[in-house]
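Where a number appears in this text, it was derived from the coordinates with a stated rule and is not lab data. Remember, predicted model here, so these are calculated numbers, not experimental data. Cβ placement follows ideal geometry from the backbone for every residue including glycine, while neighbour counts extend to all protein chains displayed.
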């Protein structure tokens, strides 16, 4: 969050939209009051140290060291629904006495700050339907000690555990880390391509630059795809329903969260489904699919799938040539694959549980064309010819769908899927999901 605020402030500096003193800060340097606070003072830290008490709807503040050794602080706040900023000039003495030394003296606040950053970030859903984002500090009997993120002043709140309906563990993804790894992978591919040199002349030869472009783009894309999948897995919130738990069970769950040892209860489900598979080159065919699903988090499932489709059709063409009476061709096509897929539920509650899924597959296609021709004669004759085509390769499936719960163990599964494979088929699916445990 603080990184986002800092990035936003830098963009405002570049555009000059909000900061009126942008020209005065051309040679300024952002300074941090404390390594723990960083370069952006957020609302929680303002409340901890009591800075800027007269600023209503405070959002953030950034301190600058100017070339003349004086300081200024840019204060950002909400006014009439818009983000506004104002700049406060400070002498070196004022900066040290009123801000820097306050942080140094206030050891208890710094200690609490450390504990606050280590405490679990949660979203609380109360029985009256209200929601609150907070830091879970500790539990005393049947009472929770919380730091509510929306508080305008620094105070801890004490809430009764019995009034809590659901608690969600908040997780965050690191897009910066993902693209850093992707850039490293892409750069490695470029270097490997350049180092391998030009291929000798042949039917499939590439220059060093072409190989560098191919390898660099492939490794970058693969890192983004698989690394992004891992980031989504890590960043998916964990929803914990407490409605049907007694007080002792709730206390065990809260304590495991505070200790950092909470683990989701894993479930296993089987899905049997069928439908139609439509190829881009025209034909459509029925298919069936079996899936084994494991619940990693309430909103996240891993699945192993096997799918098979067969297509069989005769064609008849009259007057194929002047000397032919008829031309009959039959095409038999078979497409099967094993896939590993990740299914992320947008909401695991309500009448419908919409989801999107993606993954990786190994598919095999088998296509045979039988041609039977009748020759008009004389003498009349018939001959048959066969043209087989087989292949195995990888593919990428992705799709959307929804689950419709019938009871605790049985759900209807409806979905559509696009498979990026040699035949690039579409898949329309209807099935039943059976939850084993």
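Once you have the Cα-Cα distance between residue 195 and residue 302, take 0.36 nm times their residue separation minus that, and quote the gain in nm to one decimal.
Working: separation 107, 0.36 × 107 = 38.52 nm, distance 3.91 nm.
Answer, rounded to one decimal: 34.6 nm.
If R0 is taken as 30 Å, the Cβ-Cβ distance between residue 392 and residue 173 corresponds to a FRET efficiency of 0.30.
Within the stretch 25-72, the ratio Rg/Rh, alpha carbon atoms throughout and Rh by Kirkwood, equals 1.00. Residues of the stretch 226-250 falling in the label zone of residue 160, defined by backbone nitrogen less than 18 Å from a point 7 Å along Cα to beta-carbon, are 242-250.
In what order do 420, 136 fall by count of nearby beta-carbon atoms within 10 Å, going from fewest to most?
Numbers: 420 12, 136 19.
Fewest to most other Cβ atoms nearby, the residues stand as 420, 136.
Normalise the Debye intensity by I(0) for the stretch 175-235, one equal point scatterer per Cα, no solvent, then take log10 at q = 0.27 Å⁻¹ and round to two decimals. Result of the Debye calculation: -0.97.
Were the residues from residue 187 through residue 420 laid out at 0.36 nm apart, the gain over their Cα-Cα distance would be 81.3 nm.
Calculate, for residue 346 and residue 93, the FRET efficiency according to 1/(1 + (r/R0)^6) with r their C-beta to C-beta distance and R0 56 Å; round to the nearest 0.05. Provide the component values of the computation, followed by the final result.
Numbers: r = 55 Å, r/R0 = 0.98.
The computed FRET efficiency comes out at 0.55.
Here the spin labels are modelled as points 7 Å beyond Cα on the Cα-Cβ line, and at residue 207 and residue 292 they lie 5.0 nm apart. Here each label is just a point 7 Å from Cα along the line to Cβ, and for residue 142 and residue 52 those points are 4.2 nm apart. Using 0.36 nm per residue and subtracting the Cα-Cα separation, the extra length available between residue 233 and residue 272 on full extension is 11.5 nm.
Which whole number in µm²/s is D for the stretch 193-312 by Stokes-Einstein, with the Kirkwood Rh taken over Cα pairs at 10 °C and 1.306 mPa s?
80 µm²/s
For the stretch 44-67, backbone nitrogen atoms closer than 19 Å to the point 7 Å from residue 133 Cα along Cα-to-C-beta are found at 44-48, 57-61.
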